[in-house]
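Read the structure below first, then the notes.
The values are calculated or read from the model by the stated rules, or taken from the named source; none is laboratory data. Owing to the predicted nature of the structure, the values given are computational and were not obtained by experimental measurement. Ideal geometry is used to build each Cβ from the backbone, glycine not excepted, and the neighbour counts take in all protein chains shown. These accessible areas exclude ligands, DNA and RNA; they are computed on the full protein's heavy atoms, side chains included. Shrake-Rupley method; radii C 1.70, N 1.55, O 1.52, S 1.80 Å.
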Amino acid sequence: MYDGTGCRPDYMGIQRQMQRLSMQEVQARADYLGHSYLDQGVTFDIGGQERPFPIDIVPRLIEAQTWSHVEAGVAQRVRALEAFLADIYDEGQVFRDGVIPRRVVTSSPHFLRVAKGINYPHGVRVHVSGIDLVRDGNGDFRVLEDNVRIPSGVSYVISNRRAMSTALPEVFAHHRIRPVSQYPAKLLASLRACAPSGVTDPTVVVLTPGAFNAAYFEHALLARLMGTRLVEGRDLVAQGGRVLVRTTNGLRPVDVIYRRVDDDFLDPVHFRRDSMLGVPGLLNAARAGNVTIANGVGNGVADDKLTYTYVPDLIRYYLGQEPILPNVDTWRMEDAEHRAEVLDRLAELVVKPVDGAGGKGIIIGPRATAAQLDEMRKRLIADPRGWIAQPVIQLSTVPTLIGDTMAPRHVDLRPFAINDGEKVWVLPGGLTRVALPEGELIVNSSQGGGSKDTWVLAADRGAIPEASPAPAADDAVVHPSLRAGRAAERASGADDAAPPPSGHGGEQSQSQTAVRTSFGGER
């Protein structure tokens, strides 16, 4: 909200409106938010205990121009990851071109060979994604990690907006805020668009592990808002290469399954045989082309934090573009030089497991004990594939109500994107997660973090132009499908630089030739 010299212009309206409220009234409205979430069942499971999901009373603002940049960067990243997943589960051209080592993919626990041969309508495997972003010391957004398996949290985006419009109506009314309520309709349209070929009126269901799952509230809310059935594995049956749902009128065919069940538990025929959460034979029906599973099976290899380090190269390779949103600087432990540097600077860096989630297993060097650092050093040496390291990033802060005062707390941002096969649509704002303890950098809900309503301001005058990515450098490795285009461009450039044909003659011809040759040399 503040830049060191005063309140930032976009936040002046919030500051002015909230200063008109006494601290007692602010606290009363914050208490109302907490109680309303508990009454509505807007909860999250932490350590087996169901708690209301914490929402802070102060919203976070993102101006239109900044959001346009974020929106384009998220969409670009999703398109590259779509192409990557399609490639590794098919021809593997990316390996032959040396963009990413084959062992990085095949050694990932989330690379599933049984997913090979499953064709997805319109080539969409990443129907829903959540790309985690942080703002660095310069105020620039960087990608912290990708979530294209089963990203969660969008229900809190929807619930936070409803709650804040009630708790702070006078503040809400003084801002032109882009809505988030269209998300369920966009998601349903995407799922229906990706139904198996020949299905004109697809039946969509939401598959949940059950009421004891930490994100069950989200599963139930999305199913209700989309007007679809919320089902568990026991409600579905796979037979004859098709999936059917049990109803009071008998079995009915299912065409699209928006699954919120992890791969390992999805089909006991192919994965964990003791799973009671999935549907035996589900993958066979998907391979036969009779049902679409969203998100795609085996997507987790793109979530792997070692894969993450190669995503900028994947963007150049598949799209022929420079990344709009850069990664956080990252050391790969598999690289001997990187590993030596990290071991030497372990007390300064953040070390993360490549297949971790929810902030678990992370060691923040400056806060770790000598014993923790010694143990981590042994782990890195024993299993370099399992870890990456990053610098400690002082995440941007936003004023947060702590007790009876406002204090800065670190935040990140998870924009959600939906791909329908024609366009990647990014929900305006996404989930801002806030680390509630003072100085804490881990914002995950599973670690006790809370959230803020994220307001993306509408443009005042006309549309903000979409951020245009720069073309990849000439020496970048690109996919064969892009090489022909580059070759044609180079040939066209050579034609432009060639001397004019004979017949123009004399002095003029020699002058033009000299000028063109000079430009050609500078290029």
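Output the residues belonging to the stretch 19-59 that are modelled with pLDDT of 85 or more, surrounded by 15 or more Cβ atoms within 10 Å (Cβ to Cβ) and assigned to a loop (DSSP other than H, G, I, E, B).
21, 56, 57, 58, 59
Could you name every one of the helices (runs of 4 or more DSSP H) located completely within the stretch 78-190 that has at least 1 residues being touching an Asp or Glu at 6+ places or on another chain (Cβ under 6 Å)?
93-96, 154-167
Would you point out the residue of the stretch 192-229, among those that are touching a strand residue (DSSP E or B) at 6+ places or on another chain (Cβ under 7 Å) and open to solvent by 40 Å² or more (accessible area, probe 1.4 Å), that is nearest to residue 121 (Cα to Cα)?
Filtering first and then ranking leaves 192.
Return a yes/no flag: does the stretch 327-334 have any residue that is among the hydroxyl-bearing types (Ser, Thr, Tyr), touching a residue at least 60 places away in the same chain (Cβ under 8 Å) and in a helix (DSSP H, G or I).
Checking the stretch 327-334: not a single residue is among the hydroxyl-bearing types (Ser, Thr, Tyr), touching a residue at least 60 places away in the same chain (Cβ under 8 Å) and in a helix (DSSP H, G or I).
So which residues in the stretch 60-111 are of a type in the set (Asp, Glu) and either open to solvent by less than 10 Å² (accessible area, probe 1.4 Å) or within 20 Å of residue 480 (Cβ to Cβ) (or both), if there are any at all?
Answer for the stretch 60-111, where residues must be of a type in the set (Asp, Glu) and either open to solvent by less than 10 Å² (accessible area, probe 1.4 Å) or within 20 Å of residue 480 (Cβ to Cβ) (or both): 82, 87, 90, 91, 97.
Only one of 420, 404 is of a type outside the set (Ser, Thr, Tyr) and touching a His at 6+ places or on another chain (Cβ under 8 Å). Can you tell me which?
Exactly one of 420, 404 is of a type outside the set (Ser, Thr, Tyr) and touching a His at 6+ places or on another chain (Cβ under 8 Å), namely 420.
Just to be sure, is residue 180 at pLDDT 95 or above, closer than 21 Å to residue 65 by Cα and in contact with a Gly (Cβ under 9 Å, 6 or more places away or on another chain)?
Taking the combined requirement at face value, the residue satisfies it.
Here is a check on your reading of the model: is residue 152 touching a residue at least 12 places away in the same chain (Cβ under 8 Å) and either open to solvent by less than 30 Å² (accessible area, probe 1.4 Å) or more than 20 Å from residue 429 (Cα to Cα) (or both)?
no
Tally the residues that are out of contact with any helix residue (DSSP H, G or I) (no Cβ under 9 Å at 6 or more places or on another chain) and modelled with pLDDT of 95 or more, restricting the search to the stretch 215-238.
Qualifying residue count, the stretch 215-238: 5.
Of everything in the stretch 259-283, what is touching a strand residue (DSSP E or B) at 6+ places or on another chain (Cβ under 7 Å) and either assigned to a loop (DSSP other than H, G, I, E, B) or open to solvent by 10 Å² or more (accessible area, probe 1.4 Å) (or both)? Give them in sequence order.
260, 261, 266, 279, 280, 281
Does residue 309 satisfy being free of Cβ contacts under 8 Å to residues at least 40 places away in the same chain, of a type in the set (Val, Ile, Thr) and out of contact with any helix residue (DSSP H, G or I) (no Cβ under 7 Å at 6 or more places or on another chain)?
no
Filter the stretch 208-222 down to residues that are hydrophobic (A, V, I, L, M, F, W, C), under 26 Å from residue 253 (Cβ atoms) and within 21 Å of the chain's Cα centre (by Cα), then give me how many there are.
Adding up the residues that qualify gives 2.
So which residues in the stretch 350-379 are open to solvent by less than 50 Å² (accessible area, probe 1.4 Å) and more than 22 Å from residue 301 (Cβ to Cβ), if there are any at all?
Selection gives 350, 363, 364, 365, 368, 373, 376.
Can you name the residue in the stretch 388-409 that is in contact with a Gly (Cβ under 9 Å, 6 or more places away or on another chain) and of a type in the set (Gly, Ala, Ser) and is also surrounded by the fewest Cβ atoms within 10 Å (Cβ to Cβ) among such residues?
Looking at the filtered set, the residue picked out is 396.
Can you find, within the stretch 1-18, the residue that is least open to solvent (accessible area, probe 1.4 Å) among those that are under 15 Å from residue 59 (Cα atoms) and among the charged types (D, E, K, R)?
Top of the filtered list is 10.
With the condition kept exactly as written, say whether any residue in the stretch 230-248 is in contact with a Ser or Thr (Cβ under 8 Å, 6 or more places away or on another chain), among the aliphatic types (A, V, I, L, M) and open to solvent by 10 Å² or more (accessible area, probe 1.4 Å).
For the stretch 230-248, residues in contact with a Ser or Thr (Cβ under 8 Å, 6 or more places away or on another chain), among the aliphatic types (A, V, I, L, M) and open to solvent by 10 Å² or more (accessible area, probe 1.4 Å): present.
Evaluate the stretch 254-264: report whether one residue or more is without any contact (Cβ under 8 Å) to a residue 12 or more places away in the chain and more than 19 Å from the chain's Cα centre (by Cα).
So the first thing to find is which residues in the stretch 254-264 are without any contact (Cβ under 8 Å) to a residue 12 or more places away in the chain, and the list is 264.
With the extra rule that they be more than 19 Å from the chain's Cα centre (by Cα), the set shrinks to 264.
So far as the stretch 254-264 goes, yes, one or more of its residues are without any contact (Cβ under 8 Å) to a residue 12 or more places away in the chain and more than 19 Å from the chain's Cα centre (by Cα).
Tally the residues that are part of a loop (DSSP other than H, G, I, E, B), touching a residue at least 40 places away in the same chain (Cβ under 8 Å) and either out of contact with any Gly (no Cβ under 7 Å at 6 or more places or on another chain) or more than 30 Å from residue 368 (Cβ to Cβ) (or both), restricting the search to the stretch 424-442.
5
So residue 347 fits all but one of (1) aliphatic (A, V, I, L, M); (2) in contact with a strand residue (DSSP E or B) (Cβ under 6 Å, 6 or more places away or on another chain); (3) part of a helix (DSSP H, G or I); what number is the exception?
Condition (2) is where residue 347 drops out.
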